[in-house]
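The values are calculated or read from the model by the stated rules, or taken from the named source; none is laboratory data. Being a predicted model, the structure only gives us computed values, none of them experimental. Cβ placement follows ideal geometry from the backbone for every residue including glycine, while neighbour counts extend to all protein chains displayed.
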Amino acid sequence: QQQVKQSPQSLIVQKGGISIINCAYENTAFDYFPWYQQFPGKGPALLIAIRPDVSEKKEGRFTISFNKSAKQFSLHIMDSQPGDSATYFCAASKRTGGSYIPTFGRGTSLIVHP
Amino acid sequence: KAGVTQTPRYLIKTRGQQVTLSCSPISGHRSVSWYQQTPGQGLQFLFEYFSETQRNKGNFPGRFSGRQFSNSRSEMNVSTLELGDSALYLCASSLDPGLAYTQYFGPGTRLTVL
């Protein structure tokens, strides 16, 4: 059972455009929602994260929108750049045994054409 | 400050063998988590260690095990390797996993089972 569903699987955007990646979760016990960026040959790196008591969080060109009632959240990349080309993972975390344990989406491969 | 380091970076083994992967967390970080990344299943949580104790374990068979040493360095072991164990194994460290989600990933060990 896939607890975090991510779409689309791949995305091609022109430079300067907006990239939008969506995730949906099922377990209402999740209470922390990070997004990770992964370049080839590297491990994932935390990009931005949000808690369910906030509907939107913005950091530079990256914005998370969160809809608690719909159990959905999305990542918006404004003014997309070729350097943003990477794989993006959403995750939903819940506190277990004193730690936040993430469940990841399957990832979105983003290509930004110059 | 040095990041999370993993050794070796690449490994080729045959079915039935066992393998040990090593992870050195960021200095001062006491929590180490391990993940398996495959094209088919995505990123999946294996286990988490904090102060030499396994605090959480994912849904993997007992062939997958790990440990953490007093200096926070961690090893994971996979016994009786199967073809399906071919994956990128990622280690992540955090200062305090019970607070904000601040996991830092290493570059991973690419394991190929022939």
Inset, instruction - Give the residues of region A:1-35 that are of a type in the set (S, T, Y), within 19 Å of A:T96 (Cβ to Cβ) and assigned to a strand (DSSP E or B), sorted by residue number. - result: A:Y25, A:Y32
Legend entry - Residue count for region B:1-26, restricted to those that are in contact with a Lys or Arg (Cβ under 6 Å, 6 or more places away or on another chain) and exposed (fewer than 13 other Cβ atoms within 10 Å of the Cβ): 1
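Considering only region A:50-66, state which residues are more than 11 Å from chain B (Cβ to nearest Cβ), part of a loop (DSSP other than H, G, I, E, B) and out of contact with any Lys or Arg (no Cβ under 6 Å at 6 or more places or on another chain).
Matches in region A:50-66: A:D53, A:V54, A:S55, A:G60, A:R61.
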Inset, instruction - Find the strands (runs of 3 or more DSSP E) located wholly in region B:33-85 whose residues include 2 or more that are out of contact with any Phe, Trp or Tyr (no Cβ under 7 Å at 6 or more places or on another chain) and modelled with pLDDT of 95 or more, and list them. - result: B:64-68, B:74-78
Inset, instruction - With the checklist (1) within 10 Å of chain A (Cβ to nearest Cβ); (2) crowded, with 17+ Cβ neighbours inside 10 Å; (3) out of contact with any Gly (no Cβ under 6 Å at 6 or more places or on another chain); (4) not aliphatic (A, V, I, L, M) in hand, flag the one item B:F45 doesn't pass. - result: (3)
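Tally the residues that are of a type in the set (D, E, K, R) and within 12 Å of another protein chain (Cβ to nearest Cβ), restricting the search to region A:9-49.
2
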